[in-house]
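The structure under discussion appears below in the form of structure tokens.
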Amino acid sequence: SWQLMISVVLVGTIMGSFVYLFHTLLKQNKLDTLRKAFVNNLTHELRTPVTTVSVALQALEGSVGNMRERDSYHSIAREELNHLSSMIDKVLQIAEDDLLIDRQLACKEYDMVALIHKCVANAQLSGMQNGVNIVFKPSIESEMIFGDPDHMKNVIGNLMENAIKYGSTEVNVFLDGKKDSRYLSLSIQDNGIGISSAYHLQVFEPFFRVPQGNLYPVKGFGLGLAYVRQIVRQHGGDIKVKSVLNEGSTFILTIPKNMKR
Ligand code: ADP
């Protein structure tokens, strides 16, 4: 029946989003041991209402005619969906709070040019499948800076993945480290779908995704850029976007060569 179809699609979407959210969080080293345990429990907690809903809906399908029986299955399904929905709200709140807590940085001296080459090589792997070319031709051979290379790798990786995800065919990476400046300027330029100027600030907010009508063709949870900005700011730098709809976007990072120790 159509009710069953809608519920299955709904539950599928919710579960898919959760898996994606936790995958993202995990990838970005946001989960300590405690949180991993929490996720395990949560998976269990979520499965129960999902099972109940699908059993109730199956019963609903089978129960032709008997109105009282149908009403009861219907309200079970409804109740469990409400329960599921309130759990989802809680998890989203936790994820949002988590994003606002300062991350532990493990800082050391590292070569930014070498790090970008690594990120380009990684992104090129997924870029190749989508016919995307990533170009990085630094004018300097190396640029030693002080900061957290692991988080910075995630930052650059996130921006490259976005460029690939949002319709680019060519991504250009520019690094400018003027000798007399205390800052590095790193730009990731794409020729993808672009972002209307109305959203240039909002894209950095947790969970914000540029509205694209009812169906969003690109998977995501709107957390990548919030993470990126947080890490860059924790380094004492900042990020902004310059973008024209249907032409492309450039994310420009300003990073101190020597963050305050
Ligand atoms: P996600 O990609 O998971 O949705 P992000 O926080 O990385 O989350 O990005 C937030 C939103 O900003 C995206 O949903 C998308 O609408 C927009 N966006 C980010 N990067 C780009 C890009 N390179 N080109 C076009 N739009 C982008």
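Values in this text are rule-based calculations from the coordinates and carry no lab data. From a predicted model like this one, the values you see are computed outputs, not experimental measurements. Please note: Cβ atoms are built from the backbone with ideal geometry, for glycine as well, and neighbour counts cover all protein chains shown.
Per the Debye calculation on the chain with a single equal scatterer at every Cα and no solvent contribution, log₁₀ I(q)/I(0) for q = 0.12 Å⁻¹ amounts to -0.81. Here the relative contact order of the chain, from alpha carbon pairs under 8 Å that lie six or more residues apart, stands at 16 percent. Taking the charge dipole of the chain about its Cα centre, with +1 at Lys and Arg Cβ atoms and -1 at Asp and Glu Cβ atoms, the residue from Val113, Leu84, Thr52 reaching farthest to the positive side is Val113.
Taken about its Cα centre, the range 39-86 carries a charge dipole of about 20 debye when Lys and Arg each add +1 at the Cβ and Asp and Glu each add -1 at the Cβ.
Which whole-number percentage describes the relative contact order of the range 170-255, with Cα contacts under 8 Å and a sequence gap of 6 or more?
37
When each of Asp190, Asp180 is scored by the number of other beta-carbon atoms lying within 10 Å, the sequence from fewest to most is Asp180, Asp190. Measure nothing but the geometry: give the 0 to 90° angle between the long axis through the Cα atoms of 33-62 and the longest principal axis through the Cα atoms of the chain, rounded to 10°. Taking Cα atoms only, the helix is inclined about 40 degrees.
Across the range 244-254, coupling constants 3J(HN,Hα) worked out from phi with the 6.51/-1.76/1.60 Karplus curve, θ = phi - 60°, read 10, 3, 6, 10, x, 9, 10, 9, 10, 9, 10 Hz, and Gly and Pro carry x.
FRET efficiency for the pair Phe146 and Arg209, taken as 1/(1 + (r/R0)^6) with r the Cβ-Cβ distance and R0 = 30 Å, rounds to 0.30.
Applied to the range 73-84, the Karplus parametrisation 6.51 cos²θ - 1.76 cosθ + 1.60 on θ = phi - 60° returns per-residue 3J(HN,Hα) values of 4, 4, 6, 4, 4, 4, 4, 5, 5, 4, 4, 4 Hz, with x for Gly and Pro. For the chain, a simple Cβ point-charge model (Lys and Arg +1, Asp and Glu -1, everything else neutral) yields a dipole of about 460 debye relative to the Cα centre. In this label model, Met15 and Ser126 are separated by 2.3 nm, measuring between points 7 Å along each Cα→Cβ vector.
Of the residues Ile94, Ile193, Ile116, which exhibits the maximal mean-square fluctuation in a Gaussian network model of the chain defined by a 10 Å Cα contact cut-off? With Cα springs under 10 Å in the chain, the top fluctuation among Ile94, Ile193, Ile116 is at Ile94.
Extension gain, Glu69 to Ser85: 0.36 nm times the residue separation minus the Cα-Cα distance gives 3.3 nm.
Counting only Cβ charges, +1 for Lys and Arg and -1 for Asp and Glu, the dipole size of the range 133-225 around its Cα centre is about 180 debye. Dimensions of the range 41-129 based on its C-alpha atoms, expressed as ranges along the principal axes with the largest first, amount to 72, 36, 17 Å. Each helix, a run of at least 4 DSSP H residues, gives -39500 (n - 2.57); summed and divided by the residues of the chain, these come to -18000 deg cm²/dmol at 222 nm. Of all segments of the chain bounded by GluC sites (Glu not before Pro) found in a DSSP loop with no more than 14 other C-beta atoms within 10 Å, the longest spans 1-140. Once the chain from Leu201 to Ile101 is taken as fully extended at 0.36 nm per residue, the excess over their C-alpha distance is 34.0 nm.
Relative contact order of the range 106-151, taken over Cα pairs closer than 8 Å and 6 or more residues apart, is 64 percent. Subtracting the Cα-Cα distance of Val8 and Thr169 from their residue separation scaled by 0.36 nm leaves 54.4 nm. Go through the range 162-195 and name the trypsin sites (Lys or Arg not before Pro) that are in a DSSP coil and have 14 or fewer other Cβ atoms within 10 Å of their Cβ. Sites meeting the loop and neighbour criteria: Lys178, Lys179, Arg182.
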